[in-house]
Structure formats: structure tokens, C-alpha cells
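Heads up, the thing below is written out as C-alpha cells.
The values are calculated or read from the model by the stated rules, or taken from the named source; none is laboratory data. Since we're looking at a predicted model, the values are computed, not measured. Here Cβ is always computed from backbone atoms with ideal geometry, including for glycine, and neighbour counts include all displayed protein chains. SASA here: full protein model, heavy atoms, side chains in, ligands and nucleic acids out. Shrake-Rupley method; radii C 1.70, N 1.55, O 1.52, S 1.80 Å.
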Amino acid sequence: MSGGATPIHASASIPVRLLALCLLAAPLVAVAPLALLPAALAPDPWLIVAAVMAANLALVMGIGLTPIRKACAGAQRKLAALFNATPEGVLEVARDGTILFVNAQLCRDFGYTSEELIGQSVEVLVPADARARHVGKRDGFLASARARSIGSGIEVCGVRKDGTRIPLDVSLTCIEGRRSGVTYCLVRDISANKAYEDRLLEANRELLASVAQLERNTLELRQLAEMGELLHSSFTEEELFGVFAHAMQQLFPRITGGVYVLRDGMDTTAEAVVTWGDLESSLRPVISQQDCRALERGRTHGTLDERAEPHCRHQCDEAGRPGRCVPLMGHGELLGVMHLYAAVDTPPRELTEGARAQIIQAAANQVALSVANLRLRETLRDQSLLDPLTGLYNRRAVHQWFEHEVRGAARNGRPLSALLIDIDHFKRFNDQYGHECGDAALRHMAGVLRNGLRGEDLVCRLGGEEFAVLLPETPMGAALNVAEKLRAAAERLTIHHGGQAIGPLTISVGVAVLRVDTECTEELLRHADRALYRAKAGGRNRVQASNELDCSGIYLRPPPPKSQPA
């Protein structure tokens, strides 16, 4: 062999030219000794050549195939190791669907051993209800085989040995041989991916729900703020409760409810002042404190299930709807209760869910505070406008109420009269019987005025023993009749003080009517004042109408007679 040739070892392949040389030289070497033998003993040389060539060929084939077999076995081991190291499952399937090879990952994914799968039909890895369809799809793929890469979005469902189903991503490659083809499958278990996707979807749904809830809460808070502004700007309780009912219908469209306010002086009975909702006819008009657990305990009482906690007795509900009663507390005082209950098909969370319950409580707090503030404003206004001794309006009301009536009558041309009343010799009551007797006389006189006037008439105490009365829609003649009735009623009045009767109580009355040239309360009362002093100058205990002289302002107010006390 030339120096550049590679030496042959037992484990190496034999060159083709060397094998050919051996095959040609071997017969010659075998036949050459036969030439020395006698002709009779020499066998047929062609038989010897054939035998030697056959022996040499067998020797050569034995020497050459052994390394090939070893190389093929090594390649198979390397290929099997490579498949077993692959993170995806590998499956070799014959054309008839028989499993020829599986790697370790596929066995782990499906819970089988390789011995249990090799030789089985590939449909053993397919759910029973999909096996028939899988056979058809497999045949269709083999009819027009084409490579399909893994991760291509082709998802199928497999079944483990224990019967559980797993989502799979599969790629297929068909290799055709001289006799038959095989299909190689790469199988990836995407359970973790699907679970991650499901978690992402769930998180996305929760996020969307949170955003929707946040938007709903923002809208409800805006509605609450608007309701609070309207409640605080209400002038009467009727207006206030109307605003509240409208706002509650906007906040809770499927909830029926009502507000019950405790009656004055009767803390055990509450009366419905406003109701709303589709089922408001089922609400009681009046409930007692014993019928409502919220009124009885002073805290919210909610019922989701009649078996868990009973309804309030005032909730006449045979359907067992969820209900909620919230006490109305204003400035530390129990004012009443707000009662809510839902329709039959309304979820209980509408009344009990955390955010909804907070909205309900906030609405109850707002209406309770607004009612308490409105009553406080009315109390302060009454204290500023009412005389504490007689309970009549004071001089402040003259400028507020009288001016409004006078301007309205002057603008519309309606008749309007004013009475100015003074108790005769009032100083005598204080000097002879004490100020307590004088206060009693003023209170009795206030009672005479209340009983002798209409509801629309305005009466006030100007100060001391003077009273002013405004008579809307009353001309001079009718005003004089009213004044005379009041004078007669006062004269019949008897005051008891210290066990003795004191009387009579007489009054002098000046009457003035609103004229065309009169546009303000001061002018009207000035005319009545001049008429009053003419009545006092004329002997007291009488009614005096204003005249042209009084209206002109020329008539001077006469001083009281010196012989009589003022």
C-alpha cells in the first residue's frame, strides 16, 4: 500500500480494490500446486477456483458487514438518545397506525411505558369519542402528506393512561420508504400553556369587572354628591324627601323602598313620608318601633334568608325577598328608618354587597343629616321670628313677611288691611299685680288673636303691649268688622292671677287699608298707628279707621291724657 494509504484494522472497512485483488489472486494460488500432481490425481481446476472464490467472498463479506452493522447500531443508539433528550414527545407510526417507536418524554406525558405502547395502535392515545374521526384524519394526511411544524396552532386532545385528557400541540412529518412510509410525530403537552392562558383570561375578566365596578362606583358617588346638594338646598321636608326618592330610584332601579319618620311626641310610631319602586303598594303606611328591628336596636338590620335571620314584622313579604332597614340618625337623634327590599329575581348582593351596602348607608346618612339640618334651620328661624312669650311672630317678621304681602298686594291691586292693637292701661297690670300678671295678660291676648283670625292672616307682637295684624284680601269694611270682634273678645276676657279674677282687658285698634299711593309696610303701619292714637285719644276700648287726614301726614299723634296712665 502506498505511504498515503490508510492501514486496515480489524475494526475498519476493507478497500474495494484490495478485496478485488484478493478475489482474483486466491484461485491462482489454489490451482498452482495442482500442476505438480499427476493428471490422474488432479481434480477439475474450475471446481477448485469456484470453491476458493466462494470461500474468499464469504470471508470478505463477513469482514465488511460487521463494521457496518456496528455503525448502524451506534447510529440507532445515538438517534434514540437524541429523541429521548428532546423535550417534546416523539412518536414513530407505521402507515397502518401501529406505533413503532416512542421516546421517554412521550411516555411521561401519557403515563405509559415504551413496552406498553410499541405495537399498539396510535388511537390508544386518542379519546374514545374521537378515535373514529382521528382514523379518518390520519388517512387523509397520508393521502396528501406534508410537513406540519410544531407550534403551528394545530391543537388536539389526547388521553392519558389514567383517562385524563390533555391538550396537545402536534407536528407531523411523513417519510416514504421503498416498501412503506412512516410518520414521525412531535407532541407537546400544552396544559401549562392553557392553564396560563386561562389565568390570563380570568385576570382580564376580573380586571374588566373591576373597571366596570369602579366606573359604577364613580357614577354612584357623583349621584350621591348631586343628591346631597339638592337635599341641603331643600326648603321643606316634602321637597327633601321627593329629591331623595328620585335619587334612590336612580341608584337602585330594582329596589322598592320607603322612608319612615317618627311622629312628634310619639317615639314608638313612624309614618311613611315617601315611598318608591314597583312594589311600593305593599309597604305599610305606619310602623311601630316593635315591628322594626332597626328602630328597636338603633342599627342596620338586613335579611338575605328568612331561615338565617327573620324579616322585620312590618315587611309583609310571602316571597321571602331580601330586605334591609337602616336607621336614620341625625345629630345623634333617631329620626326614623329607611326600609328597602328587592324584587324576587334581584340578586341579594344589590342590598348586601360591600360597595352597595356602603352606598345605602351613605344615602341614609345624607337624608338623615339633611332632615336634621332642615329642622334645625326651621327652629333657628322660628326662634329669630317668634316671640318666646306669646308664640307670635316678632318685629323681625314684620320686615320679612309683611313687606312681601304688601308689595304683592300693591303689584296685583288686591285689597290689604292692617290692624295696630294696643292693650289699654297695660302698665296697671305690671304695677299692681307684677310682671307675671302682665305676661299672663299678653299670653291671653295672643290667644284671642289666634282664635279670632284666619289661617292666612299674619299677626305679630311689635313689642311691649303692641300687636300688628295683616289681613290679606280684606278691604276696610271687613277689616273694621274683624277689629271689632277682636275688641269684644278681649273685653270679655278674664285673667286669673293669685286666686283672684282680674279684668276687664280692653284694647284700642287702629285700622288702615292699603292705598294706591302706599307701597311699603312702613307707610301702611304709619297710617294704622295714627288711627290707633286717635282711638286712644278718643277714650280707648274702641276701633278707629284711618282717614284722609291720617294719610296726609298732617294729623299729629296726640299725647295720652295726663289723668290716665299710658
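For this structure, a couple of remarks:
- Inter-residue pairs, beta-carbon under 7 Å, first without any contact (Cβ under 8 Å) to a residue 60 or more places away in the chain and in the range 217-233, second open to solvent by 90 Å² or more (accessible area, probe 1.4 Å) and not charged (D, E, K, R), 6+ apart: Gln223/Gln250
- Looking across the range 136-162, the residues that are open to solvent by less than 50 Å² (accessible area, probe 1.4 Å) and modelled with pLDDT of 85 or more come down to Gly158, Val159.
A quick yes/no check of all residues on (1) more than 24 Å from Ala531 (Cβ to Cβ); (2) of a type in the set (A, V, I, L, M, F, W, C); (3) over 59 Å from the mean Cα position of the chain (by Cα):
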residue	(1), (2), (3)
Leu376	yes, yes, no
Gln383	yes, no, no
Leu392	no, yes, no
Arg395	no, no, no
Arg414	no, no, no
Ile423	no, yes, yes
Phe426	no, yes, yes
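- Answer residue from the range 355-372, given it is of a type in the set (Gly, Ala, Ser) and in contact (Cβ under 8 Å) with a residue 60 or more places away in the chain and is surrounded by the fewest Cβ atoms within 10 Å (Cβ to Cβ) among those: Ala355
- Qualifying residue in the range 481-495 (condition: under 21 Å from Ser546 (Cα atoms), touching a helix residue (DSSP H, G or I) at 6+ places or on another chain (Cβ under 6 Å) and either of a type outside the set (Asp, Glu) or open to solvent by less than 30 Å² (accessible area, probe 1.4 Å) (or both)): yes
This table checks each residue for (1) open to solvent by less than 70 Å² (accessible area, probe 1.4 Å); (2) outside any helix (DSSP H, G or I); (3) touching an Asp or Glu at 6+ places or on another chain (Cβ under 7 Å); (4) over 21 Å from Arg375 (Cα atoms).
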residue	(1), (2), (3), (4)
Ala209	yes, no, no, yes
Leu214	no, no, no, yes
Asn217	yes, no, no, yes
Leu221	no, no, no, yes
Leu224	yes, no, no, yes
Leu231	yes, no, no, no
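- Screening His399 against (1) open to solvent by 70 Å² or more (accessible area, probe 1.4 Å); (2) at pLDDT 80 or above; (3) more than 39 Å from the chain's Cα centre (by Cα); (4) not aliphatic (A, V, I, L, M) leaves a single unmet condition, (2).
- Complete set of residues in the range 233-260 that are of a type in the set (D, E, K, R) and either under 14 Å from Asn365 (Cβ atoms) or not in a helix (DSSP H, G or I) (or both): Arg254
- Candidates are the residues of the range 404-446 that are basic (Lys, Arg) and at pLDDT below 85; the one that is most open to solvent (accessible area, probe 1.4 Å) is Arg411.
- Remark: Glu202 falls outside the filter, which requires a residue to be surrounded by 11 or more Cβ atoms within 10 Å (Cβ to Cβ), over 30 Å from Thr113 (Cβ atoms) and at pLDDT 85 or above.
- The single condition among (1) aliphatic (A, V, I, L, M); (2) crowded, with 18+ Cβ neighbours inside 10 Å; (3) modelled with pLDDT of 90 or more that Ala478 does not meet is (2).
- Flag if Leu117 is at pLDDT 85 or above and either under 19 Å from Ile99 (Cβ atoms) or over 49 Å from the mean Cα position of the chain (by Cα) (or both): yes
- Considered as a group, the residues in the range 76-109 that are open to solvent by less than 40 Å² (accessible area, probe 1.4 Å) and of a type in the set (Gly, Ala, Ser) include one that is modelled with the lowest pLDDT, and that residue is Ala80.
- Of all the numbered requirements in (1) loosely packed, with under 15 Cβ neighbours inside 10 Å; (2) within 20 Å of Ala372 (Cβ to Cβ), Gly242 misses one, and that requirement is (1).
- When the range 376-392 is limited to residues that are out of contact with any His (no Cβ under 8 Å at 6 or more places or on another chain) and open to solvent by 70 Å² or more (accessible area, probe 1.4 Å), the one that is farthest from Cys460 (Cα to Cα) turns out to be Arg377.
- Options Leu524, Leu449, Leu458, Leu532: the member that is closer than 30 Å to Asn412 by Cβ and open to solvent by 10 Å² or more (accessible area, probe 1.4 Å): Leu458
- Residue among Arg313, Arg284, Arg307 that is at pLDDT 85 or above, in a loop (DSSP other than H, G, I, E, B) and over 15 Å from Ala342 (Cβ atoms): Arg284
- Conditions (1) surrounded by 13 or more Cβ atoms within 10 Å (Cβ to Cβ); (2) in a helix (DSSP H, G or I); (3) aliphatic (A, V, I, L, M): number failed by Ala272: (2)
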